[in-house]
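The values are calculated or read from the model by the stated rules, or taken from the named source; none is laboratory data. Please read these numbers as outputs of a predicted model, since none were measured by experiment. Don't worry about glycine lacking a Cβ; one is built from the backbone with ideal geometry, like all the others, and counts go over all protein chains shown.
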Amino acid sequence: IKEWGQPKSKITHLAFCTTSGVDMPGADYQLTKLLGLRPSIKRLMMYQQGCF
């Protein structure tokens, strides 16, 4: 975000992919809080995207 040079308020979507199992609340929610993003951003969480 720092390298991007724009305010966090301009972020509207967050896509998060993980190879691990399902966790609730999801890692996307936790990352949103960790980064201090607005709770209203649109989130897409993709679980278990590893090798099958």
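Taking the stretch 23-34, which residues are part of a loop (DSSP other than H, G, I, E, B) and hydrophobic (A, V, I, L, M, F, W, C)?
The one that is part of a loop (DSSP other than H, G, I, E, B) and hydrophobic (A, V, I, L, M, F, W, C): Met24.
Are any of the residues in the stretch 37-48 surrounded by 10 or more Cβ atoms within 10 Å (Cβ to Cβ), in contact with a Leu (Cβ under 8 Å, 6 or more places away or on another chain) and in a loop (DSSP other than H, G, I, E, B)?
Yes.
For residues in the stretch 1-16 being part of a strand (DSSP E or B) and exposed (fewer than 13 other Cβ atoms within 10 Å of the Cβ), which is modelled with the lowest pLDDT?
Across the stretch 1-16, the extreme among qualifying residues is Ala15.
Given the criteria assigned to a helix (DSSP H, G or I) and either surrounded by fewer than 10 Cβ atoms within 10 Å (Cβ to Cβ) or at pLDDT below 90 (or both), does Ser20 qualify?
Judged against the criteria, Ser20 is not a match.
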